[in-house]
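Asks: Below you'll find the structure I mean.
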Amino acid sequence: MNNQPQTTEQLLDAIRREAAQLELNTQPEPQPLSAEEYSGSMSFEQNLRLPAKPVYHYREFLPFDDEAFVQNAFLCILQREPDSSGLQSYLDKLRNGMEKQGVLAELSGSEEAQRYGVRIRGLKGYRMIARLRRVRALRPLAHRALGLYRRICELPNSEEMSHYRASVLQQLSQMSRQLRQAERTVDGCLHQLEQHNLKQTELHQGIQQELSTVRKQSANLSHKVAYQQQALAASATSTGTKSDSQSVALTSAVVDNMDISAFYVAFEDACRGTREEIRAKMTPWLAYLPKPESGGNRVLDIGCGRGEWLQLLGEQHYLATGLDINPVMVNSCLEQGLDVCAEDALAWLRAQPDASLCAITAFHVIEHVPFELLLRWTTEARRVLQPGGVLIFETPNPENLLVGSHTFYHDPTHRNPITPALLEFLAEYCGYTNSELVRLHPYPEDARVSGNDPLTERVNGHLCGPQDIALVARVPAMELVE
Amino acid sequence: MKLLLTACQVPFMHGGADYHIDGVTEALRRAGHQVEQVRFPFKFNPTSSIEQLMAHCEQQDFSEFNGVQIDKVISLQFPAYGVRHPDHRVWVMHQHRAVYELFDQQPNARQLEAFKSKVTDYDKRVLSRASRLFANSANVAARLRTYNGLTALPLYHPPHGAEHFYCSDDWEYIFYPSRLETLKRQSLLIQAAKHISAPVRILLGGTGGQEAQYRAEIEQLGVQDRVHLIGRFSEAEKYTLYARALGVFFGPYDEDYGYITLEAMLSGKPVITCTDSGGPLEFVRDGETGYVRDPDPEQIAEAIDRLYADKKAAAAMGAAGRESYTHHNISWQQVVNSLLADN
């Protein structure tokens with residue numbers, strides 16, 4: 001009792017001191033905390049959450065890591081949970097070494113953040129660096145600035161240093177202002193450039209279109225001119241001795257006729273395709289011919305047109321003759337050095353000795369002639385072809401409904417579609433053997449009705465099947481033995 | 001054995017009841033039983049929510065859950081003790097006091113009449129079904145007899161940390177640790193301070209709803225030099241506060257049981273209590289282990305002066321209290337034995 005405490009404070013102090021020395025093996029009773037410190041007794045989830053406030057210091061976010069950090073940053077700054085892509089992208093950034101201050105600067109600088117106006121203090125430097133970072137080209141600069149800034153932040157906090165820090169901050173802020181200006185200008189330029197490019201493309205397309213129209217017109221015109229020149233020449237020779245009145249009548253008749261021919265050539269030009277396309281189309285036919293070194297190598301092509309096939313034959317060492325009733329075509333072929341004349345096919349065949357040709361071909365010709373003529377050609381060809389020789393007639397395929405009912409009639413000089421059955425019988429009747437029908441040029445795959453049930457197959461067969469068909473008829477080889 | 005222990009839970013209001021519930025659970029586990037607690041959330045208002053909970057509890061069959069047989073159910077609180085089990089041991093901590101001993105103090109007693117009879121009927125009905133009925137104290141057992149005509153055996157349990165209490169020379173103060181509430185009647189002690197002639201201080205420990213009220217009263221009576229509201233204290237400080245007291249005052253109105261009496265006895269300190277304080281009266285023998293006085297500030301002041309005047313006698317009374325505690329054989333082992341005994 002000699003150490004009896006005198007005042008109440010002394011008494012309570014003495015009690016506390018004595019209590020502090022008690023050795024209790026029991027767990028200390030948990031002491032309730034004041035309201036602000038309640039986080040200790042909150043759930044884990046609540047513990048990981050920063051309270052909602054209008055202003056934070058960035059340091060408040062630093063105790064949180066990874067997902068908890070991004071969650072808190074979103075909740076505090078954007079007032080919402082992070083969307084999954086946002087979460088992932090910031091997690092990636094953090095894991096790739098971006099510092100939390102940088103993330104906070106980016107988030108609080110975003111447009112969405114402006115709506116809520118939540119302020120994060122202590123981020124001035126990082127915010128500017130984030131701005132630098134937005135411009136791709138300036139990222140290395142931003143990186144360097146960041147390093148510098150971090151080093152500055154780590155420097156001791158003397159007055160001198162804080163002056164230095166302030167001046168660096170000022171410089172950074174000026175830089176970032178200029179950069180933003182530059183960014184805006186560049187954006188404007190890019191936009192203008194894009195517009196310009198768009199206009200140029202449109203213009204280019206227009207020019208291309210016009211050019212192709214002009215090309216067609218000029219081709220037509222040149223044909224027209226060629227025919228008129230020929231007609232004039234012909235009338236000059238044929239009417240040389242006749243009276244003036246006759247001359248006028250004849251000339252006008254010839255010129256009329258020539259007009260139609262000119263039209264036809266222009267039409268063919270427009271429809272047939274380029275030389276290269278035709279060469280590519282004809283090449284497979286070479287495989288059907290007897291080899292030139294296996295005996296005779298003479299080939300007749302009836303209706304040789306611009307002579308693409310003749311040229312191919314020549315290259316393969318065939319001796320090819322072309323016939324065409326169109327004088328312009330004949331001229332064009334002669335100019336290429338091909339053996340072509342305007343003689344009548346039947347007359348030409350009749351003039352040939354027996355078994356003197358290895359092949360006779362006629363591509364898209366037979367539908368232009370009366371059947372009687374076709375029969376005579378076929379008969380005469382049988383005589384003229386050598387044993388093992390081959391006769392090829394290609395014609396539009398009327399098995400395709402669209403061909404038989406529609407496309408066949410594109411050409412005003414076509415007579416009747418010729419059916420496969422007729423072709424086969426014709427060959428047999430005329431003494432050919434081993435005849436085969438080659439069906440060609442089906443509609444492209446994408447024109448077909450989709451599906452593979454029997455009905456669809458049939459529809460596709462009738463509407464989208466081969467547009468052309470060829471008779472390949474052969475003279476028996478054994479005649480060689482005879 | 002598989003035991004279910006039922007009680008109530010008032011979220012974020014923790015106190016002696018939690019210690020009691022956890023204490024008995026722990027003791028039963030130490031005795032080798034599997035114990036789980038089932039706690040029903042309890043709201044004091046409105047009374048309809050209490051009625052709903054009563055109905056709910058009474059519908060609960062706790063004899064088995066998904067094929068798991070429950071050997072015994074031990075219930076501690078109203079209305080959780082309404083659940084059904086063939087071997088249901090009820091140890092009544094206290095009843096719903098607002099419709100029993102505190103009913104006359106209710107401001108709207110008239111409106112509560114119907115509710116009161118529902119609760120009384122419920123208690124009578126469900127407690128009659130119990131295979132054994134205990135009360136937290138003789139006081140609680142007496143209420144059960146008076147109000148419900150039920151016989152319950154008083155079963156005491158030790159206060160928390162009983163082994164840590166110690167006794168030391170007094171530093172001339174009277175200690176009263178309790179929640180600062182009207183029923184605890186700190187006012188008696190504050191008013192008594194006016195009449196005390198001895199130079200003793202009064203330390204009121206704890207916090208509560210009446211803190212401002214009591215603070216005002218202390219100032220109004222001008223006893224701030226003598227009476228001090230010391231607020232919260234740590235567990236260790238509690239032991240020292242008891243150990244260094246001249247005596248302990250514990251004069252609430254009709255307390256069920258009261259750990260403070262036991263803690264004072266364990267600390268070898270005389271206890272001053274009142275004639276209407278309930279629980280403490282089971283332990284404090286006037287003039288032997290303390291003083292029992294009317295709830296009157298002057299009488300209380302006189303008792304305090306007496307302690308100061310003859311400190312030796314005071315210390316002797318404290319020692320007698322300590323002995324008395326030992327005599328009562330109060331321990332968790334005793335509690336477990338009694339609760340589970342078959343006879």
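The values are calculated or read from the model by the stated rules, or taken from the named source; none is laboratory data. Just so you know, these numbers come straight off a predicted model, no measurement behind them. We place every Cβ from the backbone using ideal geometry, glycine too, and count neighbours over all the protein chains shown. Keep in mind that these areas ignore ligands, DNA and RNA; they rest on the heavy atoms of the full protein, side chains included. Shrake-Rupley method; radii C 1.70, N 1.55, O 1.52, S 1.80 Å.
Asks: Anything losing 10 Å² or more of accessible area from the isolated chain to the full protein assembly: pick those residues out of the stretch B:239-262, probe 1.4 Å, ligands and DNA/RNA ignored.
Replies: Hits at the 10 Å² cut-off: B:Tyr239, B:Thr240, B:Leu241, B:Arg244.
Asks: Would you pull out the residues with amide H under 5 Å of B:Gln9's amide H, same chain only if 5 or more places away, H placed 1.01 Å from N?
Replies: B:Phe40, B:Phe42
Asks: Any idea of the total accessible area buried by the B-A contact, 1.4 Å probe, rounded to 100 Å²?
Replies: For chain B against chain A, roughly 2000 Å² becomes buried.
Asks: Taking the Cβ-Cβ separation of B:Ala109 and A:Leu22 as r and a Förster radius of 60 Å, what is the calculated FRET efficiency to the nearest 0.05?
Replies: Approximately 0.80, to the nearest 0.05.
Asks: If the reach is capped at under 30 angstrom between alpha carbons, list the lysines near B:Lys269, excluding any in the same chain fewer than eight residues apart.
Replies: B:Lys184, B:Lys194, B:Lys238, B:Lys311, B:Lys312
Asks: Further question: Can you compute the helix-only [θ] at 222 nm over the protein assembly as shown? Use -39500 (n - 2.57) per DSSP H run of at least 4 residues, normalise by all residues, nearest 500 deg cm²/dmol.
Replies: Rounded to the nearest 500, it is -15000 deg cm²/dmol.
Asks: Could you tell me the distance between the Cα centroids of the stretch B:220-285 and the stretch A:74-97, to the nearest Å?
Replies: Using only Cα atoms to place each centre, the spacing works out to 57 Å.
Asks: While we're looking at this one, here's another question. State the percentage of accessible surface on the stretch A:425-470 attributable to carbon and sulfur atoms; use a 1.4 Å probe and exclude ligands, DNA and RNA.
Replies: Within the stretch A:425-470, the accessible surface is 55 percent carbon and sulfur.
Asks: Binning at 10 Å from 0, report for the stretch B:107-250 what percent of all alpha-carbon pair distances ends up in each bin.
Replies: P(r) for the stretch B:107-250, in whole percents per bin: 10, 27, 25, 23, 14, 1.
Asks: For a quick protection proxy, order the peptides A:274-281, B:252-259 by their average other-Cβ count within 10 Å, most packed first.
Replies: B:252-259, A:274-281
Asks: If I compute solvent accessible area with a 1.4 Å probe over the protein chains, what percent of it on the stretch A:53-124 is carbon and sulfur?
Replies: Solvent-exposed carbon and sulfur of the stretch A:53-124 make up 47 percent of the total.
Asks: A further question follows. Among residues other than A:Cys76 whose Cβ falls under 11 Å from its Cβ, what is the net charge (Lys/Arg +1, Asp/Glu -1)?
Replies: Summing Lys/Arg as +1 and Asp/Glu as -1 gives +3.
Asks: On to the next question. Among the lysines, select those whose C-alpha is under 24 Å from the C-alpha of A:Lys124, and discard any that sit fewer than 8 residues away in the same chain.
Replies: Excluding near neighbours in sequence, the set is A:Lys53, A:Lys93, A:Lys100.
Asks: Another question, then. What ranking do A:340-353, B:189-202 get when scored by the average of other Cβ atoms within 10 Å per residue, highest first?
Replies: B:189-202, A:340-353
Asks: Report the Cα-based extents of the stretch A:260-384 along its three principal axes, largest first, to the nearest Å.
Replies: Reported extents, whole Å, longest axis first: 39, 33, 23.
Asks: Any of B:Lys72/B:Lys116; B:Lys2/B:Lys118; B:Lys43/B:Lys118 with alpha carbons more than 21 Å apart? Name them for me.
Replies: Listed pairs above 21 Å: B:Lys72/B:Lys116; B:Lys2/B:Lys118.
Asks: Just reorder B:His157, B:His85 by solvent-accessible area, largest first, 1.4 Å probe, all chains present.
Replies: Largest to smallest exposure gives the sequence B:His85, B:His157.
Asks: In µm²/s, what is D for the stretch A:162-213 at 4 °C and 1.567 mPa s, where D = kT/(6 pi eta Rh) by Stokes-Einstein and Rh is the Kirkwood radius from Cα pairs?
Replies: This corresponds to a translational diffusion coefficient of 89 µm²/s.
Asks: Under a no-solvent Debye model with one identical scatterer per Cα of the protein assembly as shown, what's log10 I(q)/I(0) at q = 0.06 Å⁻¹?
Replies: Listed by q, the Debye log ratios stand at -0.68.
Asks: If you don't mind, another one. What is the calculated FRET efficiency for A:Gln209 to A:His368, with r their C-beta to C-beta distance and R₀ = 35 Å, to the nearest 0.05?
Replies: Once the sixth-power term is evaluated, E becomes 0.55.
Asks: Dividing the Cα radius of gyration by the Kirkwood radius, what Rg/Rh value follows for the stretch B:162-327?
Replies: 0.92
Asks: So, one more: Using a basic spin-label model with each label point 7 Å from the Cα along Cα→Cβ, how many nm lie between A:Arg144 and A:His191?
Replies: My value for the distance between the label points is 3.1 nm.
Asks: Taking the mean number of other Cβ atoms within 10 Å as a proxy for protection, how do you rank A:184-196, A:101-113 from highest to lowest?
Replies: A:101-113, A:184-196
Asks: Another question about this same structure. Using 7 Å Cα-to-Cβ label points, what is the B:Phe44/A:Gln228 separation (nm, one decimal)?
Replies: In this crude label model, B:Phe44 to A:Gln228 measures out at 11.8 nm.
Asks: Can you grab the distance from the C-alpha centre of the stretch A:439-459 to the C-alpha centre of the stretch B:107-154, Å, no decimals?
Replies: 94 Å
Asks: What distance in nm separates the two pseudo spin-label positions at A:Glu276 and B:Met13, each 7 Å out from Cα along the beta-carbon direction?
Replies: 9.6 nm
Asks: Other chains' Cβ within 10 Å of B:169-182 residues: what's the mean?
Replies: Counting Cβ atoms of other protein chains within 10 Å of each residue's Cβ and averaging gives 2.
Asks: Moving on to the next point. Give the average, rounded to an integer, of partner chain Cβ atoms located within 10 angstrom of each Cβ in A:5-13.
Replies: 4
Asks: Let me ask another. Based on Cα coordinates alone, diagonalise the gyration tensor for chain B, multiply each eigenvalue by 5, take square roots, and list the semi-axes in whole Å, largest first.
Replies: Listed largest to smallest, the semi-axes of chain B are 37, 23, 17 Å.
Asks: Sequence neighbours fewer than 8 away in the same chain don't count; with that in mind, list the lysines whose C-alpha is under 23 Å from A:Lys291.
Replies: A:Lys281
Asks: Take the Cα pairs of the stretch A:274-480, get the Kirkwood Rh, then feed it into Stokes-Einstein at 37 °C and 0.692 mPa s and tell me D in µm²/s.
Replies: Estimated via Stokes-Einstein, D reaches 184 µm²/s.
Asks: Can you give the accessible area per residue of the stretch B:162-327, in Å², using a 1.4 Å probe?
Replies: Result: 37 Å² per residue.
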